[in-house]
Amino acid sequence: MEIYKRISERKEKQFAILIDPEHCRHNVMKKLMALASEAAVDYIFVGGSLLVNDHLDQCIKLIRSETDLSVILFPGSEMQVNGNADAILVLSLISGRNPELLIGKHVLAAPYIKASGLEILPTGYMLIESGNSTTALYMSNTTPIPREKDGIAVCTAMAGEMLGLKLIYMDAGSGASHAVSASMIRSVKENISIPLVVGGGIRTPEAAFESCSAGADLIVVGTAIENDVQLIKEISLAVKSA
Ligand code: 1GP
């Protein structure tokens, strides 16, 4: 089934793990992918805000050799396009006012994305203030939406949907001190009809449950499972029970 169809039509909450190609080691990945398949994780997101080494291709091949789960690119730059994945989040950073990340980089990447044959997931990407400066925030050169300003998040997400974007992704950034608040998730979810993805700073099964119960359709966890792979199972159970 097409990935967008799966994200948008499935009634249960969904769970994606985020793999940073910089930390993609064979022995770790083998264990991680075995746990992810066992825990019925829904998607493997691959990408990073800053890739210092050229490991993306190798990393995707490694993931592919260890699991049949769907691989979705979560690109930190226009250079992270790779036809060996299944789909790509084409992100427009609608919380910011950096024209390069709203449309500029997309113009450069468009022919490569088209040639890759990847399923395209047009995504309104929103960075939410998280209590610390994350790599995503620094690299984007934008101001995040203040974490208490639910109204700004709601209007931004509504505008993204009106522009035809198919997903809204609210991200506190990898390693965020505070995840996106339940109140902001709830308010945004009540005002859009496209799927809502939430990530950044979700570290425990309780936090995953809270985000899903508030209205996230799909949550993304990276740092916490990098630190403790066993969390995959517990978070997956929490997501499915929400
Ligand atoms: C970041 O949403 C992802 O873009 C995941 O964040 O690494 O904090 O889980 P964490």
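The values are calculated or read from the model by the stated rules, or taken from the named source; none is laboratory data. None of these values were measured; they are calculated from a predicted model. Counting neighbours? That spans all protein chains shown, and the Cβs are built from the backbone with ideal geometry, glycine included. Note: accessible area is taken over every heavy atom of the protein model, side chains too, but ligands, DNA and RNA are not part of it. Shrake-Rupley method; radii C 1.70, N 1.55, O 1.52, S 1.80 Å.
Report the local net charge at residue 52: Lys and Arg +1, Asp and Glu -1, summed over other residues whose C-beta lies under 13 Å from its C-beta.
Here the charged neighbours net out to -3.
For a quick protection proxy, order the peptides 82-90, 41-49, 62-70 by their average other-Cβ count within 10 Å, most packed first.
Ranked by mean Cβ neighbours within 10 Å, highest first: 41-49, 82-90, 62-70.
Pairs to check: 13/61; 105/189; 30/233; 149/189; 31/61; 5/166. Give those whose C-alpha atoms are more than 18 Å from each other in this structure.
Over 18 Å Cα-Cα: 13/61; 105/189.
Put +1 on the Cβ of each Lys and Arg and -1 on the Cβ of each Asp and Glu in the chain; which of 173, 79, 198 then has its Cα farthest toward the positive end of the dipole?
The Cα lying farthest towards the positive end belongs to 198.
What does the charge count near residue 116 come to, summing +1 for each Lys or Arg and -1 for each Asp or Glu among other residues with Cβ under 13 Å from its Cβ?
-3
Please name whichever of 220, 130, 55 sits farthest to the positive end of the charge dipole of region 2-241, dipole taken about the Cα centre and charges placed at Cβ: Lys and Arg +1, Asp and Glu -1.
Checked the options; the winner is 220.
Which values, in whole Å and largest first, are the semi-axes of the equivalent ellipsoid of region 2-241 obtained as the square root of 5 times each eigenvalue of the Cα gyration tensor?
24, 21, 17
Enumerate the amide H contacts of residue 15 below 5 Å, restricted to partners 5 or more residues apart or on another chain; note that Pro and chain-start residues carry no placed amide H.
42, 43, 219
For region 124-133, what does the Karplus curve 6.51 cos²θ - 1.76 cosθ + 1.60, with θ = phi - 60°, yield as ³J(HN,Hα) per residue in whole Hz, taken in order and with x for Gly and Pro?
So the Karplus estimates, Gly and Pro as x, are x, 9, 10, 8, 10, 3, 10, x, 9, 8 Hz.
Quick one: 3J(HN,Hα) in Hz for region 55-69, Karplus 6.51/-1.76/1.60 with θ = phi - 60°, rounded, Gly and Pro as x.
9, 4, 4, 4, 5, 5, 4, 4, 4, 4, 6, 10, 8, 9, 4
Once amide H atoms are built 1.01 Å from N in the peptide plane, which residues 5 or more positions from residue 46, or in another chain, come under 5 Å H to H?
19, 72, 73, 74
Please calculate the 1.4 Å probe accessible area of residue 143, with all protein chains present, and give it to the nearest 10 Å².
About 100 Å², rounded to the nearest 10.
Quick check: with the 1.4 Å probe, what order do 202, 103 take by accessible area, largest first?
103, 202
How many nm separate the modelled label positions at residue 54 and residue 190, each set 7 Å beyond the Cα in the direction of the Cβ?
With each label placed 7 Å out from Cα toward Cβ, I get 5.1 nm.
Which distance in Å, rounded to a whole number, links the C-alpha centroids of region 114-144 and region 1-32?
Rounded to whole Å, the Cα centres lie 17 Å apart.
Of the listed peptides 54-60, 226-232, what is their order by residue-averaged count of other C-beta atoms within 10 Å, with the highest listed first?
54-60, 226-232
In terms of solvent-accessible area of protein heavy atoms at a 1.4 angstrom probe, what is the ranking of 123, 135, highest value first?
135, 123
Counting only other residues whose beta carbon sits under 10 Å from that of residue 91, what net charge do I get with K and R as +1, D and E as -1?
Summing Lys and Arg as +1 and Asp and Glu as -1 gives 0.
Which GluC sites (Glu not before Pro) in region 103-194 pass both tests, a DSSP loop state and at most 12 other beta-carbon atoms within 10 Å?
148
If you count only protein heavy atoms and use a 1.4 Å probe, how large is the accessible surface of residue 25, to the nearest 10 Å²?
Residue 25 has an accessible surface of roughly 120 Å² with all protein chains in place.
Across region 215-220, in residue order, what do the Karplus-derived ³J(HN,Hα) couplings come to in whole Hz, using 6.51 cos²θ - 1.76 cosθ + 1.60 with θ = phi - 60° and x for Gly and Pro?
Here the 3J(HN,Hα) series is x, 5, 8, 9, 10, 10 Hz.
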